[in-house]
Amino acid sequence: MLPLHTRARVKGVRDTAIVKVLTVDEAVQAEIDPERCLIWLDRRDGNDLEKTGRPWAGIVFAGDLESKVADGIAVDRIETPGVVAPGDVIRLTELSSRVSVLYRRGSNSNTMLATERCNSFCIMCSQPPREVDDGWLVDEMLETISLVDRDEAQLGISGGEPTLLGDDLLVVLDRARRLLPNTELHILSNGRRFADEAFARTVCAVRHPKLTWGIPVYSDCPEIHDYVVQARSAWDETLVGLHNLAKFKANIEIRVVVQRPNVERLGELAYFIFRNLTFAGHVAFMGLEPIGFARANYEKIWIDPADCMDALSDAVFFLANRGMSVSLYNYPLCTVPVELRPFSRQSISDWKNTFLPDCVGCTLRDECCGFFRSMDGKWKSRAIKPVTGES
Ligand code: SF4
């Protein structure tokens, strides 16, 4: 579990720099503007650098450079080893020692933040929305996309609510379509803005070949869904939005965060999804992430996974038996009945993921999703225990 930020000695940055870190060998072969590339030095003296004859933006050295080896940006004395490595895209800011990783080569969970603004206010939101002017994030996404490895398997976009970007979202999607057409692009959205058919049509017209919209439906009952998202008529808008997206042939994933208000009707929700949202390519039932509003609303939302499994079992098998693709996210395997485990995925982003001392000796450790790093004792299921035999 590597964090996405570290401290370092940073010199030579004006305003903000979004740059890619590459080894010398990679950099000379890469089709990349040299002025957007920091060279990863293995040796303090940086001799190899001179041979390239290119105006690189600067250098990165994990240890102490001691003396200047090149003009431009210099990053050294990296506090947390491994946080920055060749292939990564990083953000540096003038007069700041903070180094932020925007894209990590080899990570299972690279996600770009589109905006902190949102038109919902979900009771278990892990990234509580803020009404701020954060239009600069659009430029950051555009720059990041242009520096992501072209063979990257997947890239996420989340918020806040990405569709609030309006036309700027089209620009971002178009850049991803042109530069990363083979990358699975996954966007988390509440889907409400797609109730506007013209907007749905325009967004879908970008036609990124591997774009999926992950959209939550928390209940078949509008009142429960609207309570969870804390917005009147949200269920109506999301459902119309989903049908508009389907009309324009978008790939759709339905996301159901399982929590106290919706657990009793999971069976009805599965029936509803099968009857009304059959076009969804995937349905994910998800355990809670104990951070953000989820922590503040613990009493309202927490239910031990051990108490959800009968309802989850009914819902998952109802859909799977009718040919729909279904997954369980964020449920440690020891909380999941044996027959449901084939649906479990290692869903927790690598930089948020951890395991407990309880997991020592567990035979399922390598297949298990483990826990969110933000979990503490009151979010721990009573079913957690190492699996040592067949169950
Ligand atoms: S004991 Fe730990 S590794 Fe084993 S199934 Fe439970 S959470 Fe996963």
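The values are calculated or read from the model by the stated rules, or taken from the named source; none is laboratory data. Note that the structure is predicted; figures quoted are calculated from it, not measured. Quick reminder, even Gly has a Cβ in these numbers, built from the backbone with ideal geometry, and neighbours come from all protein chains shown.
Report the residue count in the stretch 359-372 for those that are surrounded by 14 or more Cβ atoms within 10 Å (Cβ to Cβ) and either within 8 Å of the ligand (Cβ to nearest atom) or of a type in the set (D, E, K, R) (or both).
Quick first cut of the stretch 359-372, residues surrounded by 14 or more Cβ atoms within 10 Å (Cβ to Cβ) only: 359, 362, 364-365, 368-372.
This time we only want the ones that are either within 8 Å of the ligand (Cβ to nearest atom) or of a type in the set (D, E, K, R) (or both), so: 359, 362, 364-365, 368-371.
Residues meeting the conditions: 8.
When you check Arg341 against the structure, is it of a type in the set (D, E, K, R), more than 9 Å from the ligand (Cβ to nearest atom), within 30 Å of Ser100 (Cα to Cα) and assigned by TED's automatic domain parsing to the domain that holds Leu312, yes or no? Write out each step before concluding.
On the way: of a type in the set (D, E, K, R): yes; more than 9 Å from the ligand (Cβ to nearest atom): yes; within 30 Å of Ser100 (Cα to Cα): no; assigned by TED's automatic domain parsing to the domain that holds Leu312: yes.
In short, no.
For the stretch 293-300, check the following and say yes or no: at least one residue is surrounded by 19 or more Cβ atoms within 10 Å (Cβ to Cβ), within 13 Å of the ligand (Cβ to nearest atom) and within 27 Å of Pro128 (Cβ to Cβ).
Among the residues of the stretch 293-300, not one is surrounded by 19 or more Cβ atoms within 10 Å (Cβ to Cβ), within 13 Å of the ligand (Cβ to nearest atom) and within 27 Å of Pro128 (Cβ to Cβ), which makes the answer no.
Exactly one of (1) within 29 Å of Gln154 (Cβ to Cβ); (2) touching an Asp or Glu at 6+ places or on another chain (Cβ under 8 Å) is unmet by Arg77. Its number?
Result: Arg77 fails condition (1) only.
If we scan the stretch 19-37, do we find a residue that is among the acidic types (Asp, Glu), touching a residue at least 12 places away in the same chain (Cβ under 8 Å) and surrounded by fewer than 15 Cβ atoms within 10 Å (Cβ to Cβ)? Let's see the steps before the verdict.
Narrowing the stretch 19-37 to residues among the acidic types (Asp, Glu): 25-26, 31, 33, 35.
Subsequent filtering for residues that are touching a residue at least 12 places away in the same chain (Cβ under 8 Å) retains 26, 35.
Filter again for surrounded by fewer than 15 Cβ atoms within 10 Å (Cβ to Cβ), leaving 35.
Within the stretch 19-37, one or more residues are among the acidic types (Asp, Glu), touching a residue at least 12 places away in the same chain (Cβ under 8 Å) and surrounded by fewer than 15 Cβ atoms within 10 Å (Cβ to Cβ).
Which numbered condition trips up Thr354, out of (1) away from the ligand (no atom under 14 Å from the Cβ); (2) loosely packed, with under 15 Cβ neighbours inside 10 Å?
Among (1) away from the ligand (no atom under 14 Å from the Cβ); (2) loosely packed, with under 15 Cβ neighbours inside 10 Å, the lone unmet condition for Thr354 is (1).
Could you say which residue among Ala315, Ala306 is at pLDDT 95 or above, within 13 Å of the ligand (Cβ to nearest atom) and in the same structural domain as Val228 (by TED's automatic domain parsing)?
Just a single option satisfies the conditions, and that option is Ala306.
If we keep just the residues of the stretch 226-250 that are among the hydroxyl-bearing types (Ser, Thr, Tyr) and surrounded by fewer than 22 Cβ atoms within 10 Å (Cβ to Cβ), which is nearest to the chain's Cα centre (by Cα)?
Tyr227
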